[in-house]
Amino acid sequence: MSNREFKAQFQSALGSLLEQFVREKRACGYPYNGTARILAQFDRFLCDEALSQCELPRSINRKWLAKRPHESAGTQWQRICAVRQFAKYMCRLGYSADVPERSLAAKCGTSFSPRIPTQAEVQQLLHAADQLTPTAHSPLRHLIMPEVFRLLYGCGFRLGEVLHLRMADVDLDQGILTVRKGKFGKDRLVPPALSLVQRLQKYAKSMGDRPADAYFFPSPSGGPLSLGGVYAVFRQLLLRCKIGHAGRGKGPRIHDLRHGFACHALLRWCREGADLNAKLPVLSTYMGHRSLAGTQHYLHLIVELYPQITARTNAAFGDVIPRRIKL
């Protein structure tokens, strides 16, 4: 997650419309950085194709949206969605534009399933993080990394949300962290467990007095830590803990700590016989989900991962866990 707004330079015959479209999306509250980058690539393609009219022909669309060698189905789908949205915008303004069908997307061979870490694996990882030592390139990692990984699992944060916390966002007297402009452009307040707040207080004290706009977890240059740098440490910790890695995109991934937080919380509530109708909205808000649909996905995961609780959850929460339809 980056707080920097991507500023595209659109130069094709549709450049002015592309710029207007991105401005409209941002005016509605969407960061629209990732899609703007895709549209900038599309704009360069239109220049290469020497498009001279303010229209979007079917032949141009199909040529650019065709699946590329070694491109994942998900990446192609992102390109299709970006062009679909823009084409609909052109049609709304009265221009001739082909709206690509969803069926253009390549079929995915398998559906993605996160690699949920066990509670024992999480404890191993945190213990290994506590054993980190400073290096010449990262002199503060022994102080920073244990708290970063504890926030990822203990609060279910996204990595970008943790790395972009500033001093003003961390109220350790009240025990509240403020996530600003999260994934869906929303701010939210997150209260960590008391034991985690106490650890953060100790960490903040060791770092000394810093200005309100300073990053809570700074890089050696004073900016935010890089996603790649934290991921490299995560892979080192997996190796030390002898936790196997299945390869790129197959996990365990750093984001699986967030999934683990949600699944372990739901599993605990199931075992306690808690009212999931009341708990799910709380968890959804805490994690910054757009709707309950994202949170309900974790209910399916815990039933698949822990079949011993299936009968109990079906009896108590059958109306909460919608059945999956096999196609």
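The values are calculated or read from the model by the stated rules, or taken from the named source; none is laboratory data. Given the structure is predicted, the values throughout are model-derived calculations rather than measurements. Note that we place each Cβ from the backbone using ideal geometry, even for glycine, and neighbour counts take in every protein chain shown. Side chains included, ligands, DNA and RNA excluded: accessible areas come from the protein's heavy atoms. Shrake-Rupley method; radii C 1.70, N 1.55, O 1.52, S 1.80 Å.
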State whether segment 182-289 is rounded, prolate or oblate according to the following rule on the C-alpha gyration tensor (a ≥ b ≥ c being the square roots of its eigenvalues): a/c under 1.5 gives rounded; otherwise a/b larger than b/c gives prolate, and the remaining case gives oblate. oblate
Between Cys155, Cys81, Cys263, find the one with the highest GNM mean-square fluctuation for the chain; connect C-alpha pairs within less than 10 Å. Cys81
For Leu152, Leu225, the accessible-area ranking with a 1.4 Å probe, largest leading, is Leu225, Leu152
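Using a cut-off of 15 Å between beta-carbons, work out the net charge of the residues near Gln85 (Lys and Arg +1, Asp and Glu -1, Gln85 not included). Show your work: numbers first, answer last.
Details: positive: Arg23, Lys25, Arg26, Arg37, Arg79, Arg84, Lys88, Arg92, Arg102; negative: Glu19, Glu24, Asp43, Asp98, Glu101.
Net charge around Gln85: +4.
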Candidates Thr135, Thr35, Thr178; GNM for the chain (alpha-carbon contacts under 10 Å) flags as most fluctuating Thr135
When the helix-only estimate is applied to the chain (DSSP H runs of n ≥ 4, each -39,500 (n - 2.57), divided by the residue count), what is the mean residue ellipticity at 222 nm, nearest 500 deg cm²/dmol? -16500 deg cm²/dmol
Leaving out ligands and nucleic acids, note down the accessible area per residue over segment 13-137 with a 1.4 angstrom probe, in whole Å². 57 Å²
Explain nothing, just the number: relative contact order of segment 215-277, from Cα pairs under 8 Å at least 6 residues apart, as a whole percent. 13 percent
With the dipole of the chain defined by +1 on each Lys or Arg Cβ and -1 on each Asp or Glu Cβ, the option from Val148, His137, Leu46 whose Cα lies farthest towards the positive pole is Leu46
List Lys181, Lys25, ordered by accessible area with a 1.4 Å probe, largest first: Lys181, Lys25
Would you work out what percent of the accessible area of segment 186-296, with all protein chains in place, is carbon or sulfur (probe 1.4 Å)? 56 percent
Could you pull the accessible area for Ile176 with a 1.4 Å probe, rounded to 10 Å²? 50 Å²
Restricting to Cα pairs below 8 Å that are 6+ residues apart, what does the relative contact order work out to for the chain? Please round to a whole percent. 14 percent
With the other protein chains left in place, how much accessible area per residue, in square angstrom, belongs to segment 189-229 at a 1.4 angstrom probe? 58 Å²
Straight-line reach from Lys202: which aspartates and glutamates have a Cα under 16 Å away, not including same-chain ones fewer than 8 places off? Asp130, Glu147, Asp171, Asp173
Can you give the accessible area of Ser219, probe radius 1.4 Å, in Å² rounded to 10? 20 Å²
When volume of the Cα convex hull per residue in Å³ is calculated directly from the model, which label among (i) 165; (ii) 148; (iii) 180 fits? (iii)
3J(HN,Hα) from dihedral phi, segment 39-52, Karplus parametrisation 6.51/-1.76/1.60, rounded to Hz, x for glycine, proline: 5, 5, 5, 4, 4, 5, 5, 4, 5, 5, 7, 6, 5, 10
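Taking chymotrypsin sites (Phe, Trp or Tyr not before Pro) as exposed when DSSP calls them loop (any state but H, G, I, E, B) and at most 16 other Cβ atoms lie within 10 Å, what is the longest stretch of the chain free of them, the sites themselves excluded?
Counting only loop sites that pass the neighbour cut-off, the longest clear stretch is 185-327.
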